[in-house]
Structures are given as structure tokens and as C-alpha cells.
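Notes for the one structure printed next.
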Amino acid sequence: MNGINQILNLGNGRELSIETGRLAKQADGSVVVRLGDTMVLCTVVVGPPRDGINFFPLTVEYREGFSAGGKIPGGFIKREGRPSEKEILSARLTDRCIRPMFSDGYQDEVQIMLTVLSADGENDSDVIAATGASAALMLSGAPFHGPVAQVRVARIGGEFVAYPTISQLSMSDIDLVVAGTADSVVMVEGEMKEVSEEDMMAALDFGHGVIREVVQAQLDLVAQVGEIEPKTYTLNRLPEDLVAKVASLCGHEIDEHLNQPYNKANFYGGIETISQTVVASLLGKTDEEAGTVQADITEEGWTLKQIKEAVDEVEKDVMRKAILNDGRRIDGRSLSDIRPIWCEAGYLPRVHGSAIFTRGETQVLASCTLGTDKDAQSIDQLFENQDRRFFLHYNFPPYSTGEAKPIRGTSRREIGHGKLAERALSYILPSIDDFAYTIRIVCEVLESNGSSSMGSVCSGMMALMDAGVPVNKMVAGIAMGLIAEDDRVAVLSDILGTEDHLGDMDFKITGTEDGITACQMDIKIKSLSRETMATALNQAKAGRLHILNKMRETISEPREDLKPFAPRLTVIEIDADFIGAVIGPGGKVVQGIQRETGTVISIDERNGKGYVTIAAVDGLKAEAAAKIVKGIASKPEVGDEFEGPVTRILEIGPLIEILPGKEALLHVSEMSYEYVKNVEDVVKVGDILKVKLIDVLPDGKLRLSRKPFLEKPEGYVERERTPRPPRRDDRRDDRRGGDRRGGGDRRR
């Protein structure tokens with residue numbers, strides 16, 4: 001069956017194609033989007049609205065099946081399980097750029113399914129999936145004010161690249177995902193290596209240029225399909241006369257309430273009191289008396305639920321006007337002021353590093369734990385297989401907002417916020433060669449009233465320094481907001497939770513003094529001008545520098561030493577040829593060293609060299625393990641002197657452990673200047689002997705002598721050694737541990 005295909009030439013022989021009409025035709029909208037050999041099926045189904053809801057029930061599901069990359073899932077159960085972190089983050093990328101494109105009050109069920117059908121390992125499927133979702137919505141007949149497109153931007157050698165491959169990203173100082181319409185940017189997320197605000201704007205401009213082309217490709221696809229029957233729907237909006245009535249009843253009271261000294265509990269408590277007064281005025285009974293049932297309505301047909309929503313609408317309108325008209329925020333700050341900050345490092349006594357960061361009524365406690373490479377997170381995904389040595393986990397318990405709610409596991413929001421903070425800090429971490437630890441940060445949000453993710457960046461940064469991680473720069477983060485109406489715009493620094501809820505933008509930016517390391521932006525309006533974006537970036541920089549100075553007042557340099565309970569890592573570089581010897585058959589040798597010394601040892605190979613990492617809280621134990629490893633991996637040379645125990649006694653001489661795990665033969669002819677008839681008459685197992693290495697045989701076996709440390713008898717003459725050709729008997733003797741004929745002078 002032939003479908004309809006729209007192809008966009010990206011240059012350098014690369015194409016982005018969007019096809020419809022062949023797969024999943026029972027969905028309301030279905031496209032297959034392809035880049036290289038990566039293909040994603042994007043489907044949209046629009047259902048009827050749910051009863052009793054007052055939100056837009058949009059769900060986005062993104063799945064990467066292992067079969068798309070020619071793989072079988074690992075583990076006992078050979079099928080995909082719950083969504084991975086990558087799948088959740090990719091679904092959020094699509095959700096965040098699609099959601100603002102629907103009208104307020106639209107409440108029909110919309111489900112978007114994004115299924116990776118083929119993965120080439122080089123072209124990631126996340127950003128093309130969002131573009132495919134937009135195209136499928138355009139074909140579904142839903143009231144979608146698109147199209148939108150998403151593009152990943154990299155910068156390699158000073159040149160911007162659209163839709164970079166995974167290999168190209170490894171050479172880039174920018175990994176930025178930009179989504180937008182033909183007119184403006186609507187979503188941004190990414191990580192950078194300390195880029196300037198000007199470079200950030202240049203990357204956004206470049207990405208938006210590509211977005212326009214992809215948007216036009218979707219319009220051309222829709223034109224090829226022909227007429228699309230629009231879905232019927234009803235917008236669930238409040239009656240305008242109700243909003244006007246409520247405004248007349250409580251608009252002035254809300255404005256007066258905004259002038260009161262701010263406290264989150266008092267603020268929302270005051271709004272609730274005003275709401276109760278309005279309900280009593282319109283329904284003739286209090287909220288508690290009316291309950292939450294829909295039966296209680298006014299003569300105009302206004303329900304209790306609508307009245308309370310109207311109070312929220314008036315609150316939003318009053319707050320926005322106060323900011324736009326007077327530059328007055330609900331807590332009395334100016335547009336660019338940062339809330340009071342206090343910090344403490346080293347708060348937790350037993351952890352490896354900890355810090356508290358409090359800004360206004362947002363508080364985050366971070367703990368840093370150091371481990372070995374055995375603690376690294378194993379990754380088995382379509383586009384990523386490298387173990388992660390740094391990860392940050394963000395927890396948002398209900399008590400942080402004064403609520404009592406069930407805990408249903410880690411939410412998508414928690415995963416997204418944690419990943420943003422992780423990206424923000426990853427750039428300033430030392431390399432594995434400079435600091436071989438696996439690092440985990442856990443950020444517990446203890447209080448929340450705006451931008452807990454940025455609080456996690458700040459507390460996590462200080463916890464790293466308290467743990468003694470050798471970072472050379474500090475990172476801080478700030479959340480910016482926006483109020484926009486007509487041609488009036490107000491950019492807000494360090495937004496409150498209410499300003500986030502009632503505002504038009506949430507723009508989180510992290511960085512050092514020298515540049516941006518991560519960002520995430522979502523808007524609730526359909527467009528955002530370039531000038532407003534530039535203003536937000538520059539205002540955020542000033543706020544970020546202020547926060548960094550406050551953090552330095554608490555801790556300005558990493559601790560000189562690790563905490564007492566942190567493992568000490570000793571890294572030994574060995575010849576890669578000795579890795580097998582250190583591990584031993586079935587891991588026997590390395591396991592024995594760990595048992596004997598009470599350490600944890602991991603071994604890996606990088607750049608053709610072997611690295612043995614020894615972890616121990618006790619320095620003496622680490623030293624003992626290191627001595628054994630060095631012994632196994634060393635190459636003794638002729639002339640080296642050793643002192644070690646007799647481990648075994650053979651007919652031709654004793655075996656001496658000259659280094660941990662390494663034995664050498666002291667031939668009977670080299671035990672003494674006198675003739676030795678019976679080896680056990682001279683030495684016994686366990687005796688400590690001082691010996692010298694006199695020969696390294698071609699097969700690697702070592703020959704020792706004890707004579708250099710014995711007094712030479714008077715008149716003794718050493719017989720000159722002469723090389724002899726190998727014979728069958730010699731090979732037999734070698735297999736038995738040495739030359740039975742011996743060497744030197746043998747007196748009988």
C-alpha cells in the first residue's frame with residue numbers, strides 16, 4: 001500500500017521524512033517519522049471528555065522496544081517492563097511542546113503514543129517523535145493550534161548542527177533541544193559546557209530556523225492528504241458574567257490581600273477566606289454547607305465548583321495586573337529581586353557530604369555518596385549503553401507543600417527535575433582519571449514554594465564540595481517567570497509557586513560564573529519573542545551570580561579531605577596483560593585479595609591500560625591490597641633482590657614467594673656454596689629467605705639465587721655459565737619446574 005510521504009532535505013545527504021496512510025489507520029492520526037534508519041510510529045486518538053474534570057487530560061507515552069535495535073532484553077523476563085528514565089524524559093519532551101497548543105477549556109481525552117520501530121544507534125528518536133506527534137495531531141482533526149516541530153542543536157568546531165548524531169554530540173559543547181512553531185520558540189531543554197547568553201541565543205535562532213522548515217513540511221503533508229474533518233468539541237470555560245460578578249465581589253479584597261506581608265500559608269489561607277465569603281454571598285450558604293456536589297447552583301445556574309474557579313480566575317487577573325501595572329509581586333519583591341538565602345554544609349554527620357539550601361520557603365537537603373565503579377548505574381537502552389558514574393535523584397514528598405497524599409512511586413516530574421539538576425552539575429565534575437569514584441546525590445525537597453529543582457542544583461553543588469569532590473567551579477540555578485498581556489511583558493526572577501501557576505513561563509537556567517550549563521523552559525502561551533528570551537537570560541545571569549556569592553559564604557572550596565566514613569580509593573595502573581592474572585580464574589585471585597584485606601576491588605581497561613581501583617575506609621587495608629596487586633602485576637628484572645617465604649619444596653629446590661602471588665624457583669645449586677643433598681635439610685616451608693633474581697627464562701619462569709647473601713668459602717671459584725641449546729630433556733625439565741642439572745659449581 002502506498003502512503004503519502006513528505007521528505008525534508010537536511011543537507012549532507014541526510015533526510016527527515018514524514019509518512020502517513022500506511023500504518024495504524026484506525027487511529028485518528030498516524031504518521032511514521034524517519035531520520036537515517038531510526039523510525040518512530042506516532043499515533044493520536046481523541047476521545048470524549050471525562051465527567052467531573054477541570055483539566056486537559058493529555059497523555060503522552062513513548063516506548064523504545066529492544067527489538068527496534070535488534071536486541072533482546074536482558075534479565076530473566078524477556079520483555080520490556082516499566083518505562084525507563086530515557087522513555088519518561090522523551091515523553092515529557094513531547095508533552096511540554098504539545099500541551100500549550102490547545103485552547104484553554106479544551107477537556108477532551110487525547111492520547112499520543114510514540115513507538116520506536118527501528119533504531120540505528122546514531123540518530124536518536126526523541127526529537128523526531130515530537131515532530132511526528134505534531135503531524136499526527138494535524139491529521140487527527142483535533143483543535144490543535146500547530147504544527148510544532150522539535151530539533152536538537154549541537155555546536156561542533158564553532159558551527160551549529162541540526163539533528164546531530166550521537167557520535168557528533170560527543171564532540172559538541174551544546175546539546176540543546178528546541179521546540180517551536182513557525183512564529184516562536186515554545187520549549188527549550190538541554191545542557192552546555194559554560195556557553196554565554198549570546199551563544200545560547202544564537203543556538204536558539206539556528207534551531208528556530210530549522211523548525212520553520214520542519215513546520216512547513218508538516219503543512220505540505222496535510223495539504224497532500226486533503227480535507228480533514230474537524231472534531232466537534234466544547235470548551236469548558238467559565239461564564240463571563242460569573243467572572244465579572246466575582247470580580248465585583250472580591251477583586252478589591254484580593255488586591256488588598258496582595259499588599260499584606262507574604263507567607264505562603266497566610267496567603268493561601270486569606271484567599272480561601274475570600275473564596276468562602278464569595279460562595280456564601282452567591283449561594284446563601286458556606287462552602288462546607290454546600291459541599292462539593294453540583295446540585296447547589298445559583299439562579300443564574302452557577303455551581304459551587306464554578307464559583308470557586310472564578311475566584312481563582314480573579315486572583316490570577318489581579319496578581320498579573322499588579323505586576324504589569326505597578327511592578328508589585330505578591331511577596332513585595334521587585335521583578336529582579338531574589339528571596340533571602342541561607343545555607344549550611346556538613347549537616348548530616350554520617351554521610352560523605354551534605355548541604356541544606358534554603359531560598360525563601362523552598363528548602364532542599366542534599367546528600368552525596370561516594371562509591372566505586374561497581375556502584376555505577378548499568379544502562380541497557382537503544383541509544384545508550386555506557387554505565388553512568390554520576391546520577392542525581394530528586395524526591396518531592398507531599399509534606400514539602402503541607403499536604404497528605406499517597407506515595408505512588410517516583411513521578412515523571414521528579415525524574416524530569418532530577419535529570420535537569422544532574423545535567424547542571426555533570427559538566428564541572430572531575431574526570432575518572434582525577435577522581436575515580438561513582439557519585440550519587442539525593443535531593444530531598446523539605447519545603448516547596450517555587451523552583452525546588454534549582455534549589456536541588458544549589459544544595460547538590462555544596463554537597464559535592466562538602467564530600468571533597470575536587471571541582472574547580474561552582475554551579476547555581478534560578479527559575480525565571482513571565483507575565484505577558486498584549487504588548488506588555490514582565491520578566492520575574494526567582495518565581496514563587498503562585499507566580500509559576502498563574503504566570504506564562506517557567507524558565508530554569510543553571511551555570512557557573514562563566515556560562516550556562518543547563519536550561520529548561522516551558523511556556524503556557526503560544527509564542528515568546530526573541531527579545532523577551534534575551535531579557536530573561538540576562539536577568540537570570542544576574543540572579544545566578546547573586547546566588548553563587550551566597551553559596552560561597554557557606555563553602556567556597558571543596559573539603560581538603562574526604563569524610564571519615566567515605567571510602568578511600570587507590571588507583572593502580574598496570575600493564576593490560578596482567579589484568580587476567582589479577583582477576584584469576586573465575587575471579588579467584590581478586591576475591592581472595594578482597595577477603596584477605598577487607599577491601600573492594602574493581603578492574604577495568606581504558607586506552608590499552610589496566611586500572612585497578614581499591615576502595616577501603618582503612619588506609620592500611622588499602623595499602624595491603626595495593627601491595628599484593630603490584631606484586632602480581634610487576635615484571636621482576638635480573639638483579640632485583642627479594643625477601644619472601646618458602647611456599648613449597650620441590651626435589652630441585654624450594655619455591656619462594658618473592659612478591660604477593662608470584663613464586664620463583666631457588667634451584668638447589670643456588671641454595672648454598674656447599675653441596676645440598678636434601679633440600680628439606682636446609683629450608684622448610686614458611687622460612688623467610690633473602691634471594692636475588694639471576695635469570696628470566698623464555699617462558700617467563702624465574703630463577704633465584706641465595707649465594708649473594710652468603711659468605712663465600714675460601715678458595716671457591718664460580719664456574720662460568722655457558723649458554724646451551726634447547727634439548728628435549730630441557731623442555732621436560734622446564735615442565736617440572738626447572739633444570740634438574742642445575743648450574744654453577746656442584747661439589748660432590
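Bear in mind that the values in this text are calculations on the coordinates, not laboratory data. Computed from a predicted structure; not experimentally measured. All Cβ positions, even for glycine, are placed from backbone atoms using ideal geometry, and neighbour counts span all protein chains on display.
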ask   = Cβ under 15 Å from R559's Cβ, R559 left aside: what net charge do those residues give with Lys, Arg +1 and Asp, Glu -1?
value = -2
ask   = P(r) of the chain in 10 Å steps, Cα pairs, percent per bin?
value = 2, 11, 18, 19, 15, 11, 8, 6, 4, 3, 2, 1, 0, 0
request  = Could you sort out which of K588/K701; K473/K563; K588/K684; K374/K563; K419/K621; K25/K231 sit more than 25 Å apart by Cα distance in this structure?
outcome  = K588/K684; K419/K621
ask   = What length, rounded to one decimal in nm, is gained on full extension from T401 through to I228, with 0.36 nm per residue of separation minus their alpha-carbon distance?
value = 57.7 nm
ask   = At 10 °C and 1.306 mPa s, what whole-number value in µm²/s does Stokes-Einstein give for the translational diffusion of segment 162-253, with Rh from the Kirkwood sum over Cα pairs?
value = 90
query = Between E61 and R22, what FRET efficiency comes out of the Förster formula 1/(1 + (r/R0)^6) with R0 = 22 Å and r the beta carbon distance, rounded to 0.05?
reply = 0.55
message = Can you give me the C-alpha center-to-center distance between segment 637-668 and segment 6-30, rounded to a whole angstrom?
response = 72
ask   = Semi-axes, largest first, in whole Å: what does sqrt of 5 times each Cα gyration tensor eigenvalue give for segment 1-49?
value = 25, 11, 8
inquiry  = Once you place label points 7 Å from the Cα toward the Cβ at D241 and K627, how far apart are they in nm?
reply    = 9.4
note = So for segment 201-252, using the alpha carbon gyration tensor with a ≥ b ≥ c as root eigenvalues (a/c under 1.5 gives rounded; past that, a/b versus b/c decides prolate or oblate), I'd call it oblate
Cross-link partners of K677 among lysines (Cα-Cα below 23 Å; sequence separation of 8 or more within a chain) = K690, K692, K707, K712
query = Does segment 100-256 classify as rounded, prolate or oblate by the C-alpha gyration tensor (a ≥ b ≥ c root eigenvalues; a/c under 1.5 gives rounded; else a/b over b/c gives prolate, otherwise oblate)?
reply = oblate
message = Restricting to lysines 8 or more places apart or on different chains, can you count the pairs in segment 240-326 with Cα atoms under 21 Å from each other?
response = 13
inquiry  = At 0.36 nm per residue, and after removing the present C-alpha to C-alpha distance, how many nm does the segment from S634 to E711 gain when stretched out fully?
reply    = 24.7 nm
key: Within the chain: Cβ-based charge dipole about Cα centre, in debye rounded to nearest 20 (Lys, Arg +1; Asp, Glu -1)   = 3820
Centroid-to-centroid separation of segment 333-405 and segment 476-517 [C-alpha atoms, Å] = 21
message = Given all pairs of different Cα atoms, what value in angstroms does the Kirkwood hydrodynamic radius of segment 337-409 take?
response = 15.5
key: Added length on full extension, which subtracts the Cα-Cα distance from 0.36 nm per residue, E15 to E159   = 49.9 nm
task = Classify segment 568-633 as rounded, prolate or oblate from the Cα gyration tensor: take a ≥ b ≥ c as the square roots of its eigenvalues, call it rounded if a/c is under 1.5, otherwise prolate when a/b beats b/c and oblate if not.
result = oblate
inquiry  = Could you tell me the calculated FRET efficiency between S529 and E573, based on Cβ-Cβ distance and R0 = 45 angstrom, to the nearest 0.05?
reply    = 0.25
task = Sort 302-311, 30-39, 13-22 for me by packing, meaning the mean count of neighbouring Cβ atoms within 10 Å per residue, highest on top.
result = 30-39, 302-311, 13-22
message = Could you sort the peptides 118-124, 479-485, 402-408, 633-639 by per-residue average Cβ neighbour count (10 Å cutoff), highest mean leading?
response = 479-485, 118-124, 633-639, 402-408
request  = Kindly state, to the nearest 0.05, the FRET efficiency for K305 paired with D487, given R0 = 45 Å and r defined as their beta-carbon distance.
outcome  = 0.85
key: Computed label-point distance, nm, for sites N325 and L620 using a 7 Å Cα→Cβ extension   = 7.7
message = Run the reach check for K630 against aspartates and glutamates, Cα to Cα strictly under 12 Å, same-chain hits fewer than 8 apart removed. What comes back?
response = E573, D575
